[in-house]
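**Q** The structure under discussion is supplied below as structure tokens; questions concerning it will follow.
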Amino acid sequence: MSDDELSGPIPRYHLYGEPVGALPVEFVHVEALRDRSEPQDWTIDAHTHVGLAQVALFLTGDVTVQFDDSTHALTAPAMATIPPGVIHSFEFGPQSSGFVLMVADGQLDSAAMGGWIRTLLFDHPVALEIDPQVAVRLGASCDQLLEEQRAVDTAHESMVNWLTQGVLVMLARQVDAQGAAPAAAGAGAFRSLRQLIESEFTNHRPVSWYAEQLHLSESSLNRLCDDVAGATAFEMLQARLALEARRRLTFTDVSVSVIANDLGFSDPSYFARFFRRVVGQSPRDFRAVRQADGAVEVRVGERAR
């Protein structure tokens, strides 16, 4: 990365060019590589993604991938994985093809084998050439994801999760086979935070408790969260609670008051205020819309304040 590239602030995006805002934990997006690369003259300048883990699958052509201060020249079929917060850029040969898959960081922890996938693919950026037969299967799965992205029905979310999981497992196997994923500084602390949140979020522990468990100051913990997830530690806790509430309101018939109690809220009215602030609807309105639509809509939202 040249000095000129570093002379100004590195752009921070969700996808590429979209402003930063809070993302649903279940956010998944896939697109054809050429959709953004061709209009940019096959060059994607240095930038970083907030709260999103990225997979780039290269099916044809050549590409040069730069992560922070390391450069990798690849010939397709190949792959690159970019953890949230890592500065990266791409230079493609003309008429290159492939896919870019973006997954909300929190989605990795809720997926089956999430820890294994995170360790292999997203503890550290990875760039390597892959088995051609595996690349064919990956390309087919990404094609299916593109189709599912256009569909809105009751099975949409399940299909997207299933296909995304399959893509990540196939990629992780390639990395595992080639021993290509060293540990990154800070990755272990953030993974430990995720695990703590997963086990403790219904206990409503303060950020200071999490910082103490990780032997960090609150400011250091918040810097870590901002670098990786584009959020404060408190916002991450709120997002995990809101995700669980949305899941239960969508997939169960349990009353709002019971859900509130299960999630550690002693007062259902406090839960309702929390849910409206973070999600933008009352729990009952949210449930009514989901039941009416019979589908889960996934979109980039605004950060809750």
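None of the figures in this text is laboratory data; all of them are computed from the coordinates on show. Not measured: the values here are computed from a predicted model. Ideal geometry is used to build each Cβ from the backbone, glycine not excepted, and the neighbour counts take in all protein chains shown.
**Q** Could I have the simple spin-label model distance between ALA177 and GLU198, label points 7 Å from Cα toward Cβ, reported in nm to one decimal?
**A** Label-label distance for ALA177 and GLU198, simple model: 2.6 nm.
**Q** If you take the beta carbon distance between SER255 and ARG223 as r and set R0 to 35 Å, what does 1/(1 + (r/R0)^6) give as a FRET efficiency, to the nearest 0.05?
**A** Given R0 = 35 Å and the Cβ-Cβ separation, E is 0.30.
**Q** Which FRET efficiency, nearest 0.05, do ALA292 and ARG247 yield, Cβ-Cβ r, R0 25 Å? All intermediate terms of the calculation are to be shown ahead of the outcome.
**A** Details: r = 18 Å, r/R0 = 0.71.
So the FRET efficiency works out to roughly 0.90.
**Q** Please state the shape class of the stretch 12-178: rounded when a/c is under 1.5, otherwise prolate if a/b exceeds b/c and oblate if not, all from the C-alpha gyration tensor.
**A** Since a/c stays below 1.5, the shape of the stretch 12-178 is classed as rounded.
**Q** Stretch ALA73-SER266 to full length: gain in nm at 0.36 nm per residue minus the Cα-Cα span?
**A** Details: separation 193, 0.36 × 193 = 69.48 nm, distance 5.59 nm.
Length difference between fully extended and current span is 63.9 nm.
**Q** Now for a different question. Estimate the FRET efficiency between SER97 and ALA155 by the formula 1/(1 + (r/R0)^6), using the beta-carbon distance for r and 22 Å for R0, to the nearest 0.05.
**A** On the way: r = 28 Å, r/R0 = 1.29.
Calculated value: 0.20.
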